[in-house]
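Take a look at the following structure, please.
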Amino acid sequence: MLILTCPYCGIQADETELAPGGEAHLKRAGPDASDAEFEAYMFERRNPYGVHFERWRHAAGCGKWFIAARATDTLEVFATYKAQCTAPPADVIRAIRARRPDWEGWK
Amino acid sequence: MKRYNALAILREGLRLHRGWPRAWASPEPKSEYDVVIVGAGGHGLATAYYLGRNHGITNVAVLEKGWLGGGNTGRNTTIIRSNYLQDPSAAIYEKARALYETMSRDLNLNVMFSPRGVMMLAQTEHEKRGYLRTAEANALQGVETEFISPARVKELVPMINIEGPRYPVLGALWQARGGTARHDAVAWGYARACSDMGMHIIQQCEVIGIEHRGGRVSAVNTTRGRIGCGKLALIVAGHSGRLAEMAGFRLPIESVALQAMVSEPIKPMLDVVVMANTVHGYISQSDKGELVIGGGADGYNNYTQRGSFHHIEETVRALCETFPAIGRLRMMRQWGGIVDMTGDRSPILSKTPLPGCYVNCGWGTGGFKAIPGSGWAMAELVANDAPGPLAAPFSLSRFREGRFIDESVAAGVAH
Ligand SMILES: Cc1cc2nc3c(=O)[nH]c(=O)nc-3n(C[C@H](O)[C@H](O)[C@H](O)COP(=O)(O)OP(=O)(O)OC[C@H]3O[C@@H](n4cnc5c(N)ncnc54)[C@H](O)[C@@H]3O)c2cc1C
Ligand SMILES: [Zn+2]
């Protein structure tokens with residue numbers, strides 16, 4: 001069972017308390033965007049084998065959205081952080097690097 | 001290739017079964033093929049088969065990183081039905097269901113297709129209205145289904161509790177010609193037929209890179225060396241995102257775990273397939289007597305072929321309410337597969353941004369039933385570099401154009 005620490009209330013919540021919300025840090029395509037850009041924003045997903053950033057909601061707890069850095073090939077959790085971050089914070093990147101030295105990096 | 005028939009079995013029985021040849025060859029890869037197919041699951045093998053049978057293209061290799069049928073094809077609960085709502089889905093799934101009827105004869109291998117009937121329970125008013133609508137749509141599409149009463153449900157499945165406290169049975173969508181088949185045999189049958197046509201089925205051969213030259217796909221790099229190709233078809237289910245990345249494009253696909261389990265074997269008590277989509281559980285009984293049970297998919301990306309424990313619990317809990325008699329059964333085995341989910345829960349059979357490279361994926365939780373129809377349509381697409389009527393609606397461009405085939409065919413419930 002996946003266990004994630006909610007960065008707002010600090011609770012170690014197991015999966016049954018949480019609701020998954022898909023790939024994190026997607027940037028909404030603006031009004032001037034091309035069809036291709038809008039399609040990419042709406043549908044195309046990274047779906048990586050390895051390090052992944054993903055939105056979660058502490059649904060049966062404080063109700064807030066946060067982001068988890070996880071490995072999809074091992075189910076290891078590297079870190080969680082607040083949804084207000086527009087990119088993974090430096091300490092999260094460091095935590096991932098410590099476990100995955102050959103990770104190609106954020107974006 | 002030796003045909004399988006009663007006389008052959010008798011003769012081999014007398015010779016202690018020493019005369020059976022290998023069902024398919026295991027050749028060394030050549031340096032180049034007209035068509036390379038990545039993935040020896042049902043869809044990859046069926047595509048190869050119809051490339052040969054319908055289009056006369058036999059210089060074909062099917063590359064598989066593990067063993068034949070070891071992906072979702074060998075992990076699914078084998079439910080076959082074609083009672084979909086949208087016309088493009090009904091067309092391709094009904095084509096597949098019809099081909100299942102004659103598959104054992106076509107491939108000379110008993111795939112144990114058992115059209116025992118598939119029943120989808122309506123357990124809320126909303127679901128009932130939905131199925132009534134599907135039954136009408138199916139009548140227009142020429143797919144034989146009917147909406148049946150609770151009394152008829154009870155007659156077909158005596159052990160069911162139609163007066164469940166939370167979700168009473170209000171009727172069901174019934175497809176009498178739906179059923180199940182032996183999943184491994186489907187893969188083996190196609191592999192044998194492809195090998196007979198001179199195609200190469202190469203196991204333990206993982207594709208790790210895709211090359212292009214002059215704007216066209218030219219080769220794949222594999223753990224067994226570089227293999228040139230005129231055309232390339234990526235048919236790797238949950239791994240589609242990885243292969244697309246190698247080819248340089250992204251897909252509207254996310255890979256998640258879906259689980260199933262079987263109970264200890266018991267005497268025959270259920271001779272149809274029952275699906276309860278409101279409560280996320282479905283059940284059938286295998287020839288060995290085990291109850292084959294599946295439920296909902298996980299909601300997050302995962303490549304480990306292990307799913308969440310609470311989903312198993314939810315599935316079993318839901319089924320115990322509808323089938324109280326199974327409450328004391330023990331579960332024997334449980335496993336997971338990685339399924340490829342699209343935004344509209346319909347598959348993709350399409351050309352890609354890389355000329356000469358095609359994808360067949362997105363079957364998600366429900367693609368076993370589609371194998372022969374998908375292979376038929378995909379072979380047409382690859383052979384002609386243009387989709388036929390079955391594949392055309394399932395192109396990648398539908399996402400850009402907002403032309404979804406909104407089936408929710410795989411909306412968290414497997415089938
Ligand atoms: C638990 C479960 C229950 C299901 N129940 C049903 C059901 O009842 N009815 C139904 O219709 N459908 C069901 N499905 C869905 C069905 O199993 C799939 O849609 C279908 O089997 C997909 O077939 P495929 O050939 O596309 O993929 P797969 O059978 O997964 O084949 C893909 C192959 O590609 C190979 N591969 C991947 N990457 C590479 C690489 N880099 N190089 C070489 N080879 C590679 C894999 O090893 C694999 O063998 C279920 C699925 C699961 C997991
Ligand atoms: Zn919280």
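The values are calculated or read from the model by the stated rules, or taken from the named source; none is laboratory data. From a predicted model like this one, the values you see are computed outputs, not experimental measurements. We place every Cβ from the backbone using ideal geometry, glycine too, and count neighbours over all the protein chains shown. What goes into the accessible areas is simple: the full protein's heavy atoms, side chains included, and nothing from ligands, DNA or RNA. Shrake-Rupley method; radii C 1.70, N 1.55, O 1.52, S 1.80 Å.
Which of the strands (runs of 3 or more DSSP E) contained wholly in the range B:97-182 include at least 2 residues that are under 30 Å from B:GLY42 (Cα atoms)? Explain how you work it out, then say what you get.
On the way: elements: B:118-122, B:146-148, B:171-175.
Of the strands (runs of 3 or more DSSP E) lying wholly inside the range B:97-182, those with at least 2 residues that are under 30 Å from B:GLY42 (Cα atoms) span B:118-122, B:171-175.
Quick check on the range B:329-344: of everything there that is within 12 Å of ligand 1 (Cβ to nearest atom) and more than 10 Å from chain A (Cβ to nearest Cβ), which residue is most open to solvent (accessible area, probe 1.4 Å)?
Restricting to residues being within 12 Å of ligand 1 (Cβ to nearest atom) and more than 10 Å from chain A (Cβ to nearest Cβ), the top hit is B:ARG333.
Can you find a residue in the range B:216-226 that is closer than 30 Å to B:ASN83 by Cα, assigned to a strand (DSSP E or B) and of a type in the set (Ser, Thr, Tyr)?
no
If we scan the range B:229-236, do we find a residue that is open to solvent by less than 50 Å² (accessible area, probe 1.4 Å), more than 14 Å from ligand 1 (Cβ to nearest atom) and part of a loop (DSSP other than H, G, I, E, B)?
Looking through the range B:229-236, none of the residues is open to solvent by less than 50 Å² (accessible area, probe 1.4 Å), more than 14 Å from ligand 1 (Cβ to nearest atom) and part of a loop (DSSP other than H, G, I, E, B).
Listed here are the residues, each with its yes/no results for (1) open to solvent by less than 10 Å² (accessible area, probe 1.4 Å); (2) under 30 Å from B:PRO353 (Cβ atoms); (3) out of contact with any strand residue (DSSP E or B) (no Cβ under 9 Å at 6 or more places or on another chain).
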| position | (1), (2), (3) |
| --- | --- |
| B:HIS126 | no, no, yes |
| B:ALA135 | no, no, no |
| B:VAL143 | yes, no, no |
| B:VAL157 | yes, no, no |
| B:TYR167 | no, no, no |
| B:THR180 | no, no, no |
| B:TRP188 | no, no, yes |
| B:ARG216 | no, yes, no |
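Please go through (1) crowded, with 21+ Cβ neighbours inside 10 Å; (2) free of Cβ contacts under 8 Å to residues at least 24 places away in the same chain for B:ALA244 and return the number of the only condition it doesn't satisfy.
(2)
Please work out which residue is nearest to ligand 2 (Cβ to nearest atom), limiting yourself to the range B:36-81 and to residues that are among the hydroxyl-bearing types (Ser, Thr, Tyr) and either within 25 Å of B:LEU258 (Cβ to Cβ) or open to solvent by less than 30 Å² (accessible area, probe 1.4 Å) (or both). Walk me through how you get there before you give the answer.
Step one: filter the range B:36-81 for residues among the hydroxyl-bearing types (Ser, Thr, Tyr), giving B:47, B:49-50, B:58, B:73, B:77-78.
Then keep just the ones that are either within 25 Å of B:LEU258 (Cβ to Cβ) or open to solvent by less than 30 Å² (accessible area, probe 1.4 Å) (or both); that gives B:47, B:49-50, B:73, B:77-78.
Details: B:THR47: 47, B:TYR49: 52, B:TYR50: 52, B:THR73: 41, B:THR77: 36, B:THR78: 41 Å.
Going through the qualifying residues, I end up with B:THR77.
Count, please, the residues in the range B:152-194 that happen to be of a type in the set (Val, Ile, Thr), touching a helix residue (DSSP H, G or I) at 6+ places or on another chain (Cβ under 7 Å) and under 30 Å from B:LEU107 (Cβ atoms).
Result for the range B:152-194: 1.
Hey, A:ARG100 hits all of (1) farther than 18 Å from A:CYS9 by Cα; (2) out of contact with any Gly (no Cβ under 8 Å at 6 or more places or on another chain) but one; which does it fall short on?
(2)
Out of everything in the range B:252-304 that is within 14 Å of chain A (Cβ to nearest Cβ) and open to solvent by 20 Å² or more (accessible area, probe 1.4 Å), what residue ends up being farthest from B:ARG400 (Cα to Cα)?
Among those that are within 14 Å of chain A (Cβ to nearest Cβ) and open to solvent by 20 Å² or more (accessible area, probe 1.4 Å), it is B:THR304.
Give me the residue from the range B:345-381 that is hydroxyl-bearing (Ser, Thr, Tyr) and crowded, with 24+ Cβ neighbours inside 10 Å and, out of that set, nearest to B:ALA185 (Cα to Cα).
Looking at residues that are hydroxyl-bearing (Ser, Thr, Tyr) and crowded, with 24+ Cβ neighbours inside 10 Å, I get B:SER374.
Restricting attention to the range A:11-34, which residues are within 12 Å of another protein chain (Cβ to nearest Cβ), within 16 Å of ligand 2 (Cβ to nearest atom) and either touching a residue at least 24 places away in the same chain (Cβ under 8 Å) or open to solvent by 40 Å² or more (accessible area, probe 1.4 Å) (or both)?
Of everything in the range A:11-34, those that are within 12 Å of another protein chain (Cβ to nearest Cβ), within 16 Å of ligand 2 (Cβ to nearest atom) and either touching a residue at least 24 places away in the same chain (Cβ under 8 Å) or open to solvent by 40 Å² or more (accessible area, probe 1.4 Å) (or both) turn out to be A:ASP14, A:THR16, A:GLU17, A:LEU18, A:ALA19, A:PRO20, A:GLY21.
Of the numbered conditions (1) surrounded by fewer than 19 Cβ atoms within 10 Å (Cβ to Cβ); (2) within 11 Å of chain B (Cβ to nearest Cβ), A:GLY61 satisfies every one except a single condition; which is it?
The failed condition is (2).
Here is a list of conditions, (1) of a type in the set (A, V, I, L, M, F, W, C); (2) assigned by TED's automatic domain parsing to the domain that holds B:PHE368; (3) not in a loop (DSSP other than H, G, I, E, B), and B:LEU10 meets all of them except one; can you say which number that is?
(2)
Looking at A:CYS85, is it surrounded by fewer than 21 Cβ atoms within 10 Å (Cβ to Cβ), away from ligand 1 (no atom under 16 Å from the Cβ) and within 13 Å of A:LEU18 (Cβ to Cβ)?
No.
For the range A:36-55, indicate whether the set of residues that are more than 11 Å from chain B (Cβ to nearest Cβ) and in a loop (DSSP other than H, G, I, E, B) is non-empty.
no
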